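Every number in this text was worked out from the coordinates using simple rules, so none of it is lab data. Owing to the predicted nature of the structure, the values given are computational and were not obtained by experimental measurement. Cβ placement follows ideal geometry from the backbone for every residue including glycine, while neighbour counts extend to all protein chains displayed.
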Amino acid sequence: MVEQGEQKIFLYPVELDLSVVMINYRMRYHLERCLPSIFDKEFRCTYEIIIVNKPSGDGTEALIQDKFPKVTLIQHAHFGIAEMRNVGIRHSRGRYILMLDADTIVLHHAFDKMVEFMDQYPDVGGAGAKTLRPDGSLEYNAKRFYTLWTIIIRRTPLGKLFPNNPWDRAHLMLDKNHDEPFECDWMAGACYLMRRETIEQIGLFDDKFYFGFEDVDWCYRAKKAGWKIMYIPHPSIIHYVQRSSAGRLNRMAFEHLKSGIRFYLKHRQQKFKTKL
């Protein structure tokens, strides 16, 4: 076990196959739908559910206590996606740690398929499985790294003005067969699996990414360290996409754009190039 700064990355030894880390702030409605989709299934792998909760008075604490006592609930006073996810990771006991958004429904065999894939490919540091929209269409969550133009097109109104542009198509890897596994640059954090050994080597998410791009940055660092990031074609979740910055001009959209610029500035001097 290594240390990040003065704090150990993992507080507990490995005891399970999988730790599912979720963060929650005013998402009780989605938890009421997501958690039963996990507990009503029988998985072969051993797992735990960790929810890092910023108290909001929405009754999440009572919901967990009354209906889902097997869940580990950690109260955290501050909001920040990377910061809250790191709290969950530190308390995890799994060989693999799955970042899972609350606005999801977990499909049959999802946990087992992801664990089996990671067991089969020990050089894979992180992976994400196929995720679907509520209408059954594919969510393109396997992506190439952002360029400055990609950030501008995808995180500003320009994307609406220029649909089907070449920057989007390259970024979303539309040239790949999404029914087969393939290597990608990064997987969106709504359902993203991380190898414990990779975290021990490269560290946790960067807390400076307040709202988004913490997953992009972590995958970037993993690939620089020699790990592969892979797309798993087996369906894993239905994703309702409740990000408060999506399609809106508000504070969260601004914070997301700031995170994108932070990622670009952090790595602009690096000569790491994707060849995917």
Query - Gained length - Ala77 relative to Ala225, 0.36 nm times residue gap less alpha-carbon distance - result: 50.0 nm
Report summary line: Contour minus Cα-Cα span, Glu116 to Val241, at 0.36 nm per residue, comes to 42.3 nm
Requested in this report: Quickly work out the Arg44-to-Leu158 label distance, labels modelled 7 Å from Cα along the C-beta direction, and quote it in nm with one decimal.
Outcome: 4.8
**Report entry** Long-range amide H partners of Cys184 with built H, under 5 Å
**Finding:** Ile229, Met230, Tyr231
Query raised in the report: Which length gain, in nm to one decimal place, applies between Glu183 and Val14 when the Cα-Cα distance is subtracted from 0.36 nm times their residue separation?
Result: 58.1 nm
Requested in this report: Compute the distance in nm between two label points, each set 7 Å from the Cα along the Cα-to-Cβ direction, one at Glu32 and one at Leu148.
Outcome: 4.8
Query - Rg and Dmax [Cα atoms of region 3-267; Å; Rg one decimal, Dmax integer] - result: 17.5, 50
**Report entry** Student exercise, the chain dipole from Lys, Arg, Asp, Glu Cβ charges, in Debye to nearest 20
**Finding:** 1100
Query raised in the report: In straight Cα distance, which aspartates and glutamates are under 14 Å from Lys67, not counting same-chain residues fewer than 8 positions off?
Result: Glu32, Asp40
Query raised in the report: Which value in nm describes the separation of the simple spin-label points at Lys70 and Leu132, placed 7 Å from the Cα toward the beta carbon?
Result: 2.4
Query raised in the report: Among Lys130/Lys176; Lys8/Lys70; Lys54/Lys113; Lys208/Lys266; Lys224/Lys266; Lys8/Lys223, which pairs are too far apart, with a Cα-Cα distance over 21 Å?
Result: Lys8/Lys70; Lys54/Lys113; Lys8/Lys223
